[in-house]
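A short reminder: the numbers here are calculations on the coordinates, not readings from a lab. Predicted model, so just to flag it, every value in this text is computed and none were measured. Cβ placement follows ideal geometry from the backbone for every residue including glycine, while neighbour counts extend to all protein chains displayed.
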Amino acid sequence: MKKILSIAVVLFTLLSCSSDDSKSSSQETYIRFSINGTNYEFNDIITAESGLITINGNNGAGLTNPGDTQLELWIPTVLENGTFAVNDGFDSEYLVSFTSEALNFDFDFAESGSITLTQTTGDYIKGTFTATVTNADNTTITINNGEFKAYSME
């Protein structure tokens, strides 16, 4: 049931994306992080708003072809600078979701971690993050050195 609800929320969020193509095609936006010494960098970050702001990055060619690894940061629509705890569940204001075919993660939410917002006004939302995610097979990964820069919804 949680997976179905999660997928429904993601689909609704993605359908709510801004139609301003210039915002989703800039190389100025990114999500970077590492897992077990492997560095990931996603460019052309998509920012959407629907109840929460989602900042979505993937290693594919875009939203319709997201590749095999995707990471989403979920933050409240009322932004403020600071460090906030990441929790599992839709009642949390700060969430990290992770999908990776290569690592056998199928849209799993982080159980713990933090998101630090360092810029919340102007054209961009910027910050850092960490997360611990466990998949259905009880494999746990730690996402470290996370940083992001995404277009704001202002």
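As a rough guide to protection, the peptides 137-149, 102-114 ranked by mean Cβ packing within 10 Å, highest first, stand as 102-114, 137-149. Mean separation of Cα pairs under 8 Å and 6 or more residues apart, divided by the residue count, gives segment 42-154 a relative contact order of 20 percent. Once backbone amide H atoms are built at 1.01 Å from N, Tyr94 has Asn87 as its partners under 5 Å, excluding neighbours fewer than 5 places away on the same chain.
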